[in-house]
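Read the structure below first, then the notes.
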């Protein structure tokens, strides 16, 4: 088993939490996005901090890597949705660009955090 670490001290978790907050705030005034893209965006943004934290809660190296991989997949979904025309029609360009840049930065932080998963 891995030692439980305080994931709240990692840049990845802090960025994930901040991005989730910013995505939800941006969508609050955006109205309904076409299809289910608004719901998918919210769900993906809210899942990432939880997945990052779960990776280090009494897990072994394999589970840690799997949860971080799931978090990275959610960030990839976020990046896709943040760059899509549905969001761009409701959220101003600079704000959407800033969210996308944060998601790209978060993807890098999650990759770095993967090195903290102990070898099995």
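Here are a few things to note about the model shown:
- Full extension of the chain between residue 58 and residue 9 gives 16.0 nm of extra length, using 0.36 nm per residue less the Cα-Cα distance.
- Directionally averaged projected area (convex hull, Cα atoms, the chain), nm²: 6.6
- Axis angle, to the nearest 10 degrees, between helix 61-82 and the longest C-alpha principal axis of the chain: 10 degrees.
- Net lengthening on full extension, residue 22/residue 116 (0.36 nm per residue, minus Cα-Cα): 31.2 nm
Only the coordinates and a few stated rules stand behind these numbers; no lab work does. Owing to the predicted nature of the structure, the values given are computational and were not obtained by experimental measurement.
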